[in-house]
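Reading through the structure tokens given below for one structure.
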Amino acid sequence: MEAEPKEELQLDTERILRHPARPCILLGLHAEGPMSPKELSKSPIGKGIRATVYAFHFKELVRVRLVRVADRAAENGGVRYDVTDRLSQSLLDAAAVAAISNVLAQIPETLAQWVEQPYIEEITEVVKASGRLEKQDPTSR
């Protein structure tokens, strides 16, 4: 009977991360701290998705208690959000994989050989945000 809760959790994770905005929200808040949807849409991890799309998905993540309202004094009177302690490292890892998949899906096959570097940089930022790629001190070699 223990297999059922694991399956249920996996289905929830899949549902939570299904939309490309949600991994960006979780990773962006984890890496950069509290943000409004507008601030996230301008951040390195969140660029490319409109703030209005983020606003909806922030509310969905609040509903499942992965994100909470941090304050209501954000830019232009908006709401800033932060992650809760329910956000586990395994969910961050899953969010990073989903975000990487979304970035890779944006590369047209015929152009991949010419535009690799910007995508590689974006992938690196996503992995850093998951906490799995430690920032190395260049003097520590």
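The values are calculated or read from the model by the stated rules, or taken from the named source; none is laboratory data. Given the structure is predicted, the values throughout are model-derived calculations rather than measurements. Don't worry about glycine lacking a Cβ; one is built from the backbone with ideal geometry, like all the others, and counts go over all protein chains shown.
Each row is one residue, and each column tells you yes or no for (1) assigned to a helix (DSSP H, G or I); (2) of a type outside the set (S, T, N, Q); (3) modelled with pLDDT of 70 or more.
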| position | (1), (2), (3) |
| --- | --- |
| Ile100 | yes, yes, yes |
| Trp114 | no, yes, no |
| Thr124 | yes, no, yes |
| Arg132 | no, yes, no |
**Request:** Look through Ile25, Ile16, Ile45 and report the one residue that is buried (at least 19 other Cβ atoms within 10 Å of the Cβ), closer than 15 Å to Val67 by Cα and at pLDDT below 95.
**Result:** Ile16
**Request:** Search region 87-103 for residues that are without any contact (Cβ under 8 Å) to a residue 60 or more places away in the chain and pair each with any residue that is crowded, with 18+ Cβ neighbours inside 10 Å and of a type in the set (S, T, N, Q) when their beta-carbon atoms are under 9 Å apart and the residues are at least 6 apart or on different chains.
**Result:** Gln89/Ser130; Asp93/Ser130; Val97/Ser130
**Item:** Cβ-Cβ under 8 Å pairs, at least 6 apart or on other chains, region 70-84 side at positive phi, far side at pLDDT 90 or above and buried (at least 17 other Cβ atoms within 10 Å of the Cβ)
**Value:** Asn76/Lys38
**Prompt:** Scanning for something modelled with pLDDT of 95 or more, under 21 Å from Glu122 (Cβ atoms) and part of a helix (DSSP H, G or I), does region 57-78 turn up at least one residue?
**Reply:** yes
